[in-house]
2 protein chains.
Amino acid sequence: MATREQIVAAADRLFYHHGYEHTSFADIAGAVGLSRGNFYYHFKSKDAILDAVIEARLDNTRQMLEQWESEAPTPAGRVMRYVEIVLTNRADIQDYGCPVGTLTTELAKLEHAMLGQAGRLFTLFRGWLREQFVLLGQAAQADELAMHVLAFSQGVAVMANAFRDEAFIRREVDRMREWLSTYEK
Amino acid sequence: MATREQIVAAADRLFYHHGYEHTSFADIAGAVGLSRGNFYYHFKSKDAILDAVIEARLDNTRQMLEQWESEAPTPAGRVMRYVEIVLTNRADIQDYGCPVGTLTTELAKLEHAMLGQAGRLFTLFRGWLREQFVLLGQAAQADELAMHVLAFSQGVAVMANAFRDEAFIRREVDRMREWLSTYEK
DNA sequence: GTCTATATACCGATAGAC
DNA sequence: GTCTATCGGTATATAGAC
């Protein structure tokens with residue numbers, strides 16, 4: 001793998017696990033096995049790395065959504081794929097929360113210029129979920145339902161991180177499955 | 001107001017607005033009008049200030065819960081008081097998220113020793129909500145319902161912070177009001 | 001493309017005068 | 001109880017050898 005890609009992958013993981021501000025160039029360099037100095041050949045600032053990390057996450061998310069569309073035949077099944085992320089990624093979420101939600105929360109507090117870029121991650125999921133609800137015949141309220149599903153995932157992620165309670169996550173997913181079944185064709 | 005209390009009040013606000021790690025001693029000292037050096041007469045470390053901030057938040061929360069109990073006659077009305085925080089504190093939540101959720105999220109990523117202390121804030125709300133559901137005759141699942149209400153507030157807070165959409169908040173509060181009415185005696 | 005060495009600034013924390 | 005001065009550490013970022 002190219003050095004630049006290794007840097008982005010390491011920064012992605014460290015930003016998620018320890019936060020953007022708390023992660024230093026030395027941390028990323030150490031994870032990749034590079035010296036600090038050589039860093040600026042690949043990225044001219046810490047903001048530039050964050051930008052690359054967000055773009056990489058957008059690409060990975062687009063791929064994941066495409067995969068869900070090919071794997072889950074019905075719109076309701078696709079929405080459930082999203083809902084079940086909190087179980088699929090349970091271990092990471094309990095330790096570090098939602099990668100999208102926690103990044104957005106942190107950048108908002110830092111009044112960081114890249115906050116808008118990070119918001120595109122939420123918007124990507126929002127638009128995809130909205131499409132699924134349109135396909136479910138809920139065009140009039142598709143965006144509102146998409147926002148509700150997003151809020152669900154964020155609420156569960158924050159609580160799972162705070163209390164590390166797997167049974168809670170399973171109950172909330174079951175609750176969402178039941179709620180979603182009322183919209184199923 | 002005593003200098004110590006001024007420090008705690010300033011640190012409380014700055015930790016909420018800009019995060020714990022991003023807030024420096026110089027920031028707090030500047031807000032209070034003190035020199036950095038004099039700081040250590042009142043608090044021997046930054047952790048000690050965080051501890052005092054958490055204790056102050058616990059005290060304020062207990063007072064708020066007592067007030068809700070005196071103002072709202074029914075358990076369902078009290079739970080709705082909690083649910084409606086996202087509207088009552090809408091402006092702050094859109095700018096900075098939930099003070100409890102965002103602090104817990106940040107301390108988890110920092111692997112900070114005070115994470116357990118911050119968790120007491122969530123536990124305080126959780127126990128109080130559980131009591132209300134017991135009074136509603138839902139003793140068997142009171143804790144699960146309490147956790148659901150907490151997850152609601154955290155989900156709405158993260159989304160409100162990310163999208164700054166007041167209509168979304170109002171819709172979600174209405175949704176919770178309807179859900180809660182099914183448990184009302 | 002990778003390295004060492006370094007510049008500059010800020011961090012939490014301390015010492016000591018008043 | 002408040003101040004100034006300062007320590008040691010680390011941060012982002014740069015310069016220049018190889």
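The values are calculated or read from the model by the stated rules, or taken from the named source; none is laboratory data. No experiment lies behind these values; they were computed from the predicted model shown. Please note: Cβ atoms are built from the backbone with ideal geometry, for glycine as well, and neighbour counts cover all protein chains shown.
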statement: Filtering the range A:1-47 down to residues that are among the small types (Gly, Ala, Ser) and part of a loop (DSSP other than H, G, I, E, B) yields A:2, A:19, A:24, A:33, A:35, A:37, A:45
field: Hey, residue B:155 free of Cβ contacts under 8 Å to residues at least 24 places away in the same chain, within 16 Å of the chain's Cα centre (by Cα) and more than 19 Å from residue A:157 (Cβ to Cβ) or not
entry: no
- request: Can you tell me which residue within the range A:1-40, out of those that are touching a Ser or Thr at 6+ places or on another chain (Cβ under 9 Å) and aromatic (Phe, Trp, Tyr), is nearest to DNA strand D (Cβ to nearest atom)?
  value: A:15
task: Given the conditions (1) under 15 Å from the mean Cα position of the chain (by Cα); (2) more than 16 Å from DNA strand C (Cβ to nearest atom); (3) in contact (Cβ under 8 Å) with a residue 24 or more places away in the chain, report the number of the one that residue B:88 does not fulfil.
output: (3)
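If you scan the range A:138-147, which residues turn out to be in a helix (DSSP H, G or I) and more than 7 Å from every other protein chain (Cβ to nearest Cβ)? Outline the logic, then answer.
So the first thing to find is which residues in the range A:138-147 are in a helix (DSSP H, G or I), and the list is A:139-147.
A:139, A:140, A:141, A:142, A:143, A:145, A:146, listed by residue number.
When only residues in the range B:48-75 that are in a helix (DSSP H, G or I) and among the hydroxyl-bearing types (Ser, Thr, Tyr) count, which is surrounded by the most Cβ atoms within 10 Å (Cβ to Cβ)?
Looking only at the range B:48-75, we keep the residues that are in a helix (DSSP H, G or I), and these are B:48-71, B:75.
Checking the rest, the ones that are also among the hydroxyl-bearing types (Ser, Thr, Tyr) come to B:61, B:70.
Numbers: B:61: 17, B:70: 7.
Among them, the one singled out is B:61.
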task: Out of the residues in the range A:89-103 that are touching a helix residue (DSSP H, G or I) at 6+ places or on another chain (Cβ under 7 Å) and surrounded by fewer than 23 Cβ atoms within 10 Å (Cβ to Cβ), state the one that is farthest from the other protein chains (Cβ to nearest Cβ).
output: A:90
task: Quick one: in the range A:153-185, of everything that is in contact with a helix residue (DSSP H, G or I) (Cβ under 9 Å, 6 or more places away or on another chain) and not in a helix (DSSP H, G or I), which residue is farthest from residue B:117 (Cα to Cα)?
output: A:185
query: Only one of B:43, B:25 is free of Cβ contacts under 8 Å to residues at least 40 places away in the same chain, touching a Phe, Trp or Tyr at 6+ places or on another chain (Cβ under 7 Å), within 16 Å of DNA strand C (Cβ to nearest atom) and not acidic (Asp, Glu); which?
result: B:25
query: Given the residues A:121, A:150, A:129, which is the only one that is of a type outside the set (Gly, Ala, Ser), assigned to a helix (DSSP H, G or I) and at the interface with chain B (Cβ under 7 Å from one of its Cβ atoms)?
result: A:150
query: Quick one: which of A:166, A:111, A:106 is surrounded by fewer than 19 Cβ atoms within 10 Å (Cβ to Cβ) and within 11 Å of chain B (Cβ to nearest Cβ)?
result: A:111
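Could you tell me whether residue B:15 is more than 28 Å from residue B:130 (Cα to Cα), away from chain A (no Cβ under 14 Å) and either within 10 Å of DNA strand C (Cβ to nearest atom) or under 20 Å from the mean Cα position of the chain (by Cα) (or both)?
On the way: more than 28 Å from residue B:130 (Cα to Cα): yes; away from chain A (no Cβ under 14 Å): no; either within 10 Å of DNA strand C (Cβ to nearest atom) or under 20 Å from the mean Cα position of the chain (by Cα) (or both): yes.
No: the conditions fail for residue B:15.
Do we have residue A:70 as of a type in the set (Ser, Thr, Tyr) and modelled with pLDDT of 95 or more here?
Taking the combined requirement at face value, the residue satisfies it.
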